[in-house]
Structure formats: structure tokens, C-alpha cells
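**Q** What follows is a structure written as C-alpha cells; I'll ask about it next.
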């Protein structure tokens, strides 16, 4: 079968590899759609933490079951599925505390182990998410939206709260949508006008702020002096992360969803007087995946609107470089297999 491997930063290749064989406790999935995410782009550029080469990329995946190692009550051959693409050890302190999403020894597809830019993939049965009534495109978007759902649940977003999301890529947009579903009043902040326009016109986000135009003044005005009680960083940009501390309400929670390689610093007195809670949000749990699937089925998420580019599997190698450019106007590129 064909696979796409990132041999080293800046170099993708199509390779022939063996098709996986069925085994007990596993399912073979015929991959149909692969979402290209920030992790893939950072890996290609050589800026992704926790990464080693060579690596088959891809973890935003959907497909259909073609083989099952065990008979399952809720799954059958031919079912449309997505799956949780990070595999915990089940033994470490995080796993024992019910936080398998941040397992000490976690193996993330497309990061720590080879991912889903392949024609067929073997996955653990316990990772399967049933996708009946959803399209392959929608199912390939469940994982990135689950990242947002997990962050919103971690922050305990409540109805009526002002929530600021900095960074309006697909992960930031997912946080915005999941915050709206939780009943929050959402503020989107970015420096890219076209992304902010998308948030306003397509996602119906309540408030829009360009980060280059006195954001603190506008945040104070929108919140009537309170400032946002929950802030999510989805930029992965050190400068943006550090500026975010200045925008938080007293008693607020600041959740870092984006990640960058360096250190961050902030004013301890300013942080302390607010009794700030600083959190990181990593991956997602089955609960988050199922919440997203349920929200999609209810029509609460505009999943198809995210897909701005569709790429045939055999064109990925020659197209990928263009997706990394800041002028690409890509929100979500979807590989069709």
C-alpha cells in the first residue's frame, strides 16, 4: 500500500509499505479522509516538539472498517468511523487518575509513532468512534474539534461568561464553537483579517478583535471593565501567550492549548493578585470525542465550513509546501484517499 512519509524537515515522499495484518484487539481501517493540522505542518517545518524523523504524518482521520480482530457489539465491517489517535499505557499516574490524554508514555499517531497518511491503518478496538450519519469529512474533523472540547471542559466554561480565544486557526475556531455550545460569550482575537472575518461571518462569533489594534482597550470595553474570565491560547506563539496574561480577569483561568518550544515568563505580582489559574490542555478523551460527534449530529457545529482545500492523496507531496505559507488562505486542508 502507499504511504506518505516525512523523511526529514521539508521532505515528503510517497513510499510503498506492507498493508497491516489483522490481529486480536485491532481493526483495519480503510482511510478515506486525512485532515492536515498544525502538528503536521510544524513537523514538516521542523518546529514540532516531541517529534522524531522519519515519520508517517496524520492523525485527523476517518475511514471504514474492513477487518475486525474481534466481534464488537457496536461496530461492523463497512461502518464509517473515526478513532482516538493517541494510545496511553494504562499504567502511569495519569492513566490511573483517568487522564489518559496526558499519559506519561503516550504514543500519538503521526508524532511518536507512524500516523494515518496511508491507505490502510491498524488501530486498537478501544480507540474506535462510531460515525454513523456523519460524512467522512465530518469524521476527520472530530479529533481537532475534540481538542477544543477538552480545553473548554477543562476550563469549566459556564453560560454567560466572557471567553477570549487568541488564535483563529482550526483549533482556535473549535474552542470558539465549543465555548458557544457551553453558553459563553466568545471573543476571537487574531492579527489575520481573513480569519477574523471567517469567525464573524461563518461561525457567528460574538466579538472580533484584531490583536494589532489596542486589544486591552477593546477587551475592557466589551466586558464592561471585567476582562475575560477564561482565556484560551491557540496561537502557539510565545509573544502572544505572554501578552495573554495581561487580559485575564481576576479569578480567571488561562488555558494554553497551543504549544511552542521555548520558555514563557510573566509578572508574578500581576499573576498572583488575580489568583490566576494557569493550565495546559493536551489531546482529548473519549468523552470529548463523543461530545463533538453528538454536537455534529445536532447541527451545532459547522464542520464542513472549515474545509477550504481538498487534495488527492497522490498530490500531497507536491502540494504540501504551499500549505505552510502564511498567505495560503487555508483553514483546513483535507486529503482524499
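**Q** For segment 44-65, give me each residue that is closer than 16 Å to residue 118 by Cβ and surrounded by 14 or more Cβ atoms within 10 Å (Cβ to Cβ).
**A** Result: 55, 56, 57, 58, 59, 60, 61, 62, 63, 64, 65.
**Q** Taking the condition of being crowded, with 24+ Cβ neighbours inside 10 Å and closer than 15 Å to residue 288 by Cα, how many residues in segment 177-187 meet it? If you could, list the steps in order and put the result at the bottom.
**A** Quick first cut of segment 177-187, residues crowded, with 24+ Cβ neighbours inside 10 Å only: 177-179, 184, 186-187.
From what's left, closer than 15 Å to residue 288 by Cα: 177-179.
Number of matching residues: 3.
**Q** Looking for whichever is outside the structural domain of residue 106 (by TED's automatic domain parsing), over 15 Å from the mean Cα position of the chain (by Cα) and either assigned to a loop (DSSP other than H, G, I, E, B) or modelled with pLDDT under 95 (or both) here; the options are 251, 258, 236. Which one fits?
**A** 251
**Q** Sticking with this one: Based on what the data block shows, is residue 34 more than 21 Å from residue 314 (Cβ to Cβ), in the same structural domain as residue 325 (by TED's automatic domain parsing) and in a strand (DSSP E or B)?
**A** Taking the combined requirement at face value, the residue does not satisfy it.
**Q** When you scan segment 1-43, how many residues do you find that are farther than 29 Å from residue 258 by Cα and either within 23 Å of the chain's Cα centre (by Cα) or buried (at least 16 other Cβ atoms within 10 Å of the Cβ) (or both)? First the steps, then the outcome.
**A** To start, the set of residues in segment 1-43 that are farther than 29 Å from residue 258 by Cα comprises 1-2, 14-30.
Okay, now just the ones that are also either within 23 Å of the chain's Cα centre (by Cα) or buried (at least 16 other Cβ atoms within 10 Å of the Cβ) (or both), so 20, 26-30.
Final tally of qualifying residues: 6.
**Q** Right, here's the next one. Among the numbered conditions (1) within 30 Å of residue 45 (Cβ to Cβ); (2) surrounded by 21 or more Cβ atoms within 10 Å (Cβ to Cβ), tell me where residue 261 comes up short.
**A** With (1) within 30 Å of residue 45 (Cβ to Cβ); (2) surrounded by 21 or more Cβ atoms within 10 Å (Cβ to Cβ) applied to residue 261, the lone miss is (2).
**Q** On the basis of being at positive phi and touching a residue at least 60 places away in the same chain (Cβ under 8 Å), does residue 237 make the cut?
**A** For residue 237, the condition - at positive phi and touching a residue at least 60 places away in the same chain (Cβ under 8 Å) - is not met.
**Q** Looking only at helices (runs of 4 or more DSSP H) that lie completely in segment 263-337, which have at least 3 residues being closer than 30 Å to residue 252 by Cβ and touching a helix residue (DSSP H, G or I) at 6+ places or on another chain (Cβ under 6 Å)?
**A** Answer list for segment 263-337: 286-297.
The values are calculated or read from the model by the stated rules, or taken from the named source; none is laboratory data. Values in this document were obtained by computation on a predicted structure and should not be read as measured data. Using ideal geometry, Cβ is built from the backbone for each residue, glycine included, and neighbour counts are taken over all protein chains shown.
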